Every structure is written in C-alpha cells, then in structure tokens.
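Read-outs: derived from the displayed coordinates by stated rules, not from any lab. Note that the structure is predicted; figures quoted are calculated from it, not measured. Glycine gets a Cβ as well: all are built from the backbone with ideal geometry, and neighbour counts include every protein chain shown.
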Amino acid sequence: MRTPILAGNWKMNKTVAEAEALVRAMIDPLVAIEGVDKVFCPPFMAIPAVARLVEGTPIGVGAQDMYWEESGAYTGEISPLMVAEFCRYVIIGHSERREHFGETDETVNNKIRAALQHGLVPIVCVGETLEQRDAGITDAWVSGQVEAALRGIPAEQVAGIIMAYEPIWAIGTGRAATAADAEHICGNVVRATITRLFGQTTADAVRIQYGGSVNSANAAELLAQPNVDGGLVGGASLKAEDFVAVVRAAVPA
Ligand code: PGA
C-alpha cells in the first residue's frame, strides 16, 4: 500500500508574511488528517519561515526547483545543500520551468541525481501539451520523459522518487484530466515505463501524483484511482480551506 502524498505547489505566490498566515491557517486541520503525507512547496524566500512553523509536525517542506552543483559561481541559483537545510522534497522539471526557463530532459536528470545524492526526495514532473494530446502521442511522449528523467539512476533510488503526471493543458486551466485519463497515464504509462526499466518491485513502490486543476470538487475521484497516489496542487493550495479539503479527499476509504 502506498501512502497518498499531497503537495501544494505555491509557484511564485506569497510573501513571507502571507506564507506564514497561510501555514498557520492550515497546520491544525492538516495535522488532524491521518494516512496522507502533506507537503508545502513555497517560494525559496519563504521556505525558512515555513519550515520553522511546521517543525515537529508531520508536514513536509519542498522547494520548487534547485540547481545541481553544490556551490560556486552560479549567480541566482540555489544549491541542493541549501535546499536540504530546510526541505525534504524538491519539485524537479515542472512544465513551467521546461517552458519558460530552458529546463531539458538532461537538466532534469542532473537535478534528480543531485537531489538523491543530498537525501532529498524529488517530485519529478512529466506531461504532454494539448498539441501532443491531439496528435495522439501522449503515451509515447510521457513514457519518453520518464525514461529520460530516470536515466542511469539505480532502481533502489528510483523506488523513493515521486512522479507527478501533469498534463500541461490541465495546469491552471480549470480543466482537469478525467479520472480515467489520469489513471491510464499514471498506471499504463508512468508506472508501466518504470516497470519496464527498473522492475515491478521498484515500480510498485513509486508514488505517482496527478496534477493539473485539482480542486476540492474533483480530488476524491482522481485520488481514488489505484495508480494515482496523490496530487500536485497549484491554485487550490493557495487557500487554506481548499487545500485542506483536497487533502481530506485523499484519505483512503
Ligand atoms: P494547478 O497547478 O493546480 O493550478 O493547475 C498544478 C501545478 O502546476 O503543479
């Protein structure tokens, strides 16, 4: 049995003061929900403050990205050592980073390796565009992204990685994938690819999130799918009552 994991990807939202207020409003109701792992992924500037507030609770903290080198002349970047001071998780390869910031399969692979080396749990994002979906190449595309992301990583490390299937057309659009489509890609594509490359035992251990317009109305059906082991939640993670409702919907029946 895989424990569901819900992560709030706050993207470029919330000042430190706003982040603290949001966390304070969510801590008690989230801690009361058992059987689900919860993670906040604030912007870098707010990470130390959020980490301080959730210290001693089972709520995890994650970064939204990081560089792969430990230190040096990389102006503007944040290293895995710096992330690991405060975080257990790090989102890698979000489609917004691939689209706007030149992230490639190769940089994604470098970052996953660096995260694992520093004891961080990577949340690795994959997903197709609307054009790819309309062209009927979603399965092949997503499978290729999974293979490229995990290239050269030992199976025992792959087992601890979290994958996030996020169809790009569903992100921030209010148009989530159907539960059947999410289940198909998470199970028949992402998990099947990991099975082919790393074996059944590893694939069975990997948790696969769905992301893209998850909200309190659609979360229960999406998260009830056997191969959907949680969610990566953007917009609905910015309001306390919405995120708490989404996490509540993940409690195994
Ligand atoms: P959304 O974003 O929930 O606002 O669609 C999800 C994500 O990009 O991780």
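Overview of results
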item	result
Computed over the range 130-170, Cα set: Rg, Dmax in Å	12.4, 36
Segments 89-97, 174-182 sorted - mean Cβ within 10 Å per residue, highest first	89-97, 174-182
FRET efficiency for I78 and I33, using Cβ-Cβ distance with R0 set to 30 Å, rounded to 0.05	0.50
L130-A148 pseudo-label distance in nm [points 7 Å out on the Cα-to-Cβ vector]	2.2 nm
Per-q log10 I(q)/I(0), the range 40-112, q = 0.20 Å⁻¹ (Debye; single scatterer per alpha-carbon; no solvent)	-0.86
Debye log10 I(q)/I(0) at q = 0.11, 0.22, 0.25 Å⁻¹ for the range 1-85, Cα point scatterers	-0.33, -1.07, -1.26
Cα-based shape type of the range 1-47, given that a ≥ b ≥ c are square roots of the gyration tensor eigenvalues and the cut on a/c is 1.5	oblate
Principal axis box of the chain, alpha-carbon based, largest edge first, Å	47, 45, 34
Residue-averaged 222 nm ellipticity for the chain, from DSSP H runs of 4+ at -39500 (n - 2.57), nearest 500	-11000 deg cm²/dmol
Local net charge near V36, Cβ-Cβ under 14 Å (Lys/Arg +1, Asp/Glu -1)	+1
Mean Cα-pair separation over length for the chain, i.e. relative contact order, pairs under 8 Å, 6 or more apart, %	21 percent
